[in-house]
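Everything on this sheet refers to the single structure shown next.
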């Protein structure tokens, strides 16, 4: 008995899916959610500082506005000294995101240079560069960051960026080195070399473009690391405490006992902003992973075929397997449907 | 043995790099520990005390650089890490000695629990891929993205301040004398529950996600399919065929992520005023106590290196390939 599966692919629908909106739709849900959340914060970082209702550093002397709960005038309440939390938050998102993106760009560039150089030069250079990146991977970075920043006389944005970039590259370098080693001996590289391409051209136009997804993932990871580390450093006071980043807001909130005094509006919004940005980045990264490795996609990418959840990577279902287990009322109701004609229950098995 | 020896050499190099960085950073950076102490006691400490302080804090620049370096290595090997400038006459090694047991017990136990539970959940999520556990993953990833100390603040607010289920910070109830008696141990355990919960909840998702992903890739391997086709019981396929192999990259990842997890946990201690290394670090940072900061850096680095060495030993035990390499030689 030959039965076709009850799925039909309309060629027209496939063709339209190659348009750009189709590509967006085919992205894993996680990546979409991540991109939307991040987009929101990027917008907040761009527009935020222009629309802050108050000067974030202005200390309102009115005693009624010391740790005032959120109200119409101060949407997120005020701090101990009467500063507007919302204004601080908007500036803080800008500063934190700015720092994280710059660190992401610089550190990722470093890791591409080191990773590609190690794999391509080979020999003693590879040994040396790999050793350096492995050593810096295994040495915990936060305490090292703390003594580096501790010794610097100005602990401003620039110092933090320099120190974070200087310690943020080893992981990416390691991953990119492995990937470069894997593609170094492919035919198209040999072909490029045979045609007399210069080494830098092979690196820039043959190797690096083939690692774009890896570099993107490494960038997202580095931004995540930079947000976490910069907020943690500011939280223990290693930052310019007169500027408003998410970490410094938390530092002042903790220092003024916001928690003990019940001023949740002071420390919850900045912490939540950090958490949401982080979650957005993690989701985006998982999405990028899933795009490259369909096995990792979760149940959301499975489609329901004849009542069974099948994932894109599953083997083509055999009809026998596809038959669903229906019991009781569901089975009884199903017996009225047209698709029940496809069932082979007459064979005697009680599925 | 060859594998272990190679790793041992690597960790020795890493330790040497850490020691050397620790030696050179203060000499290359513009800040100055002696001036930090001097400014703490203006008027009390005469400028003539400068030299004496230098010698005491171990930052004196006497002799050639090479000579200083050698003296520094000898000092460190005798656990002589200088004198704290914020808690003045106290030795850095004494202060560290008081704080380490607290941190090691809390952070160590909680990290191991998080790793074991996270890995077990990852095995299940990877096997029942697309199941209930997979659906809660995005929620867990959100927990993972929260900074440790912020999550600690929230837990403290809810469980300690609102519902009074747990104590508000500190390592033990006030008035108790630390010692090996039940009052103290019970109180210490009670006070460590909330910090431990913070570490477990924030770090579990990472281990789980990583294990799930490796597990899914491993399950696709032919030998796992073959094991299933042979009709082996599921439990055997999961644990002996799939999980055992998936565990190796997981363990390596554990070693690499350890430094990050421990650092996060240290910051969290600050929120709970837990008397460990993290709180000591906060004190050192806020009072520019450089000798103490550097001592803490060395202690954390060496602990993480040691933990990595132990993980390598476990890998050799679990991975026949790591053992086979030496036979082949």
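Using C-alpha pairs under 8 Å with a sequence gap of at least 6, the mean separation divided by the residue count of region B:127-217 gives a relative contact order of 41 percent.
At a 10 angstrom cut-off on C-beta neighbours, averaged per residue, how do the peptides B:91-104, A:88-101 rank from highest to lowest? Don't jump to the answer; show the numbers that get you there.
Details: B:91-104: 18.4, A:88-101: 23.6.
Output ranking for B:91-104, A:88-101: A:88-101, B:91-104.
Provide a whole-number value for the mean count of partner chain Cβ atoms within 10 Å of the Cβ atoms in peptide B:140-148. Kindly include the intermediate steps, with their values, before the conclusion.
Details: counts 0, 8, 7, 2, 4, 13, 8, 13, 2.
Per residue, the number of nearby Cβ atoms from other chains is 6 on average.
Histogrammed with a bin width of 5 Å, the alpha carbon distances of region B:214-329 distribute as 2, 10, 14, 14, 13, 11, 9, 8, 7, 6, 4, 2, 1, 0 percent, first bin at zero. Within 10 Å of the Cβ of each residue in B:245-256, the mean number of Cβ atoms contributed by other protein chains is 1. Look at the stretch A:234-240: the mean tally of other chain Cβ atoms within 10 Å of its residues' Cβ atoms is 3. Volume per residue for chain B equals 189 cubic angstrom (convex hull of Cα atoms). In plain terms, the bigger the Kirkwood radius, the slower the diffusion; for region A:32-149, with that radius from Cα pairs, at 10 °C and 1.306 mPa s, Stokes-Einstein puts D at 88 µm²/s. Using the alpha carbons alone, the radius of gyration of region A:132-248 stands to its Kirkwood radius in an Rg to Rh ratio of 1.14.
Would you mind putting B:301-307, B:270-276 in packing order, based on average other-beta-carbon counts within 10 Å, highest first? If you can, show how the numbers build up before the last one.
Working: B:301-307: 19.6, B:270-276: 23.7.
So the order, starting with the most tightly packed, is B:270-276, B:301-307.
Compared with the dominant principal axis of the Cα atoms in chain B, helix B:65-77 is inclined by about 60°. Can you list, bin by bin at 5 Å, the percent of alpha carbon pairs in region B:216-278, starting at 0? Pair shares across the bins are 4, 16, 17, 12, 9, 9, 8, 9, 8, 5, 3, 0.
Order the peptides A:129-137, B:120-128 from the highest to the lowest mean number of other Cβ atoms within 10 Å of their residues.
Numbers: A:129-137: 18.7, B:120-128: 21.1.
Highest mean packing first, the order is B:120-128, A:129-137.
If the chain between residue A:333 and residue A:195 were fully stretched, how many nm would it gain, using 0.36 nm times the residue separation less the Cα-Cα distance? Don't jump to the answer; show the numbers that get you there.
Numbers: separation 138, 0.36 × 138 = 49.68 nm, distance 6.95 nm.
Taking 0.36 nm per residue and subtracting the Cα distance, the gain is 42.7 nm.
For region B:163-264, a Kirkwood radius taken over Cα pairs fed into Stokes-Einstein (10 °C, viscosity 1.306 mPa s) yields D = 93 µm²/s.
Readers should treat all values here as calculations from the given coordinates under stated rules, not as data from a laboratory. Every value quoted in this text rests on a predicted model; they were computed, and no experiment measured them. Cβ: placed from backbone, ideal geometry, glycine included. Neighbour counts: every protein chain shown.
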